[in-house]
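In what follows, a single structure is set out as structure tokens and then discussed.
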Amino acid sequence: MNRLRDPQTCRRALREIGEIAAVAGLEDSQMTDQEALGSIAAIAEWVLDEAPGARADCGDVVRRLERMTAGVDFEALGDREAQALFGEVLGVLEGASL
């Protein structure tokens, strides 16, 4: 199956993003907000490259996540900045009706 036409690519990516966010949000998580944001940004960018014609509901969420994280140097973010951005990302994910 051609990845560009696979309607499930975007949904699978969003599930992966949700899992990363959930792990990062755990109280005793070894994953920092910066690491989670970097992974989420990479997945969002990958989806836009691999499945540019993603369904509107899924694609819109991925595009919002990509816009929020594009060009951010996650390693340079302070803890407060990373927490704030991670909170915004979580808000987008929670607001998505997927």
Sort the following peptides by mean Cβ neighbour count (other Cβ atoms within 10 Å, averaged over residues), highest first: 30-43, 72-85. 30-43, 72-85
How much of the accessible area of the chain, in percent, comes from carbon and sulfur atoms when a 1.4 Å probe is used? 48
Theoretical gain in end-to-end length, ALA70 to ALA84 [0.36 nm per residue, Cα-Cα removed]: 3.5 nm
With every protein chain present, what is the per residue accessible area of the chain (1.4 Å probe, Å²)? 62
I'd like to know which of MET68, VAL23, GLY78 lies farthest towards the positive end of the charge dipole of segment 4-81, counting +1 on Cβ of Lys and Arg and -1 on Cβ of Asp and Glu. MET68
If you average the sequence gap of Cα pairs under 8 Å that are 6 or more apart and divide by the length of segment 27-98, what percent do you get for the contact order? 42
Could you work out the Kirkwood radius for the chain, taking every pair of different alpha carbons, averaging 1/r and inverting it, reported in Å? 13.6
Starting from 0.36 nm per residue, how many nanometres of slack lie between GLU94 and GLN8 once their C-alpha separation is accounted for? 29.0 nm
Taking segment 48-98 on its own, what percent of its Cα-Cα pair distances exceed 17 Å? 41
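The values are calculated or read from the model by the stated rules, or taken from the named source; none is laboratory data. Quick caveat: nothing in here was measured; it's all calculated off a predicted structure. Quick reminder, even Gly has a Cβ in these numbers, built from the backbone with ideal geometry, and neighbours come from all protein chains shown. Note: accessible area is taken over every heavy atom of the protein model, side chains too, but ligands, DNA and RNA are not part of it. Shrake-Rupley method; radii C 1.70, N 1.55, O 1.52, S 1.80 Å.
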